[in-house]
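**Student:** So that we are looking at the same thing, I have put the structure below in structure tokens.
None of the figures in this text is laboratory data; all of them are computed from the coordinates on show. Everything quoted here is computed from the prediction, not taken from an experiment. All Cβ positions, glycine included, derive from the backbone under ideal geometry; neighbour counts span all protein chains shown.
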Amino acid sequence: QVQLVESGGGLVQAGDSLRLSCAASGRTFSTYAMGWFRQAPGKEREFVAAIIWSGGRTYYADSVKGRFTISRDNAKNTVYLQMNSLKPEDTAVYYCATKPRLGASYEYWGQGTQVTVSS
């Protein structure tokens, strides 16, 4: 079992920056990767970014490449999402999740944190 708590969301203006945090606890030693997803009202949840825990290889959705950066702090079992040049279309609830192994689905999810970008 893994528990995830997101924080750092808020209301910002277009062009601003925001950093989200996701603190993991529980059986974090078994985590292969951690990812960020987002969901806007009436839309499906979409992948944003992921990081492989061992080695730190990163992956990004095309919509956020060049603007968002995912990173990790091994000692704190925490993953971050640095969001720059925010756009109104980035408005959503952002969730972090864990992937137990290569090829597996994301298994554990946090409660989400709201990000609202005004124009």
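**Student:** By the scheme Lys and Arg +1, Asp and Glu -1, what is the net charge of all other residues having a beta-carbon under 11 Å from that of F37?
**Tutor:** -1
**Student:** Using a Gaussian network model of the chain whose springs link C-alpha atoms within less than 10 Å, name the residue from K87, K99, K76 with the highest mean-square fluctuation.
**Tutor:** Of K87, K99, K76, the Gaussian network model singles out K76 as fluctuating most.
**Student:** Still on this structure, please answer the following. Just going by the charge dipole of the chain, with Lys and Arg at +1 and Asp and Glu at -1 on Cβ, which of V12, C96, S54 is farthest out on the positive end?
**Tutor:** S54
**Student:** If you don't mind, another one. What are the lysines whose alpha-carbon lies under 20 Å from the alpha-carbon of K87, with same-chain residues fewer than 8 places away excluded?
**Tutor:** In chain and number order, the partners are K43, K65.
**Student:** Report the charge-dipole magnitude of the chain in Debye, nearest 20, computed about the Cα centre from +1 at each Lys and Arg Cβ and -1 at each Asp and Glu Cβ.
**Tutor:** 300
**Student:** For the chain, what are the per-bin percents of Cα-Cα distances with bins 5 Å wide, up to the bin holding the maximum?
**Tutor:** 2, 12, 24, 26, 19, 10, 5, 1, 0
**Student:** Using only the Cα atoms of region 73-119, each taken as one equal point scatterer with no solvent, compute I(q) by the Debye sum, divide by I(0), and report log10 of the ratio at q = 0.13, 0.14, 0.31 Å⁻¹.
**Tutor:** -0.43, -0.49, -1.14
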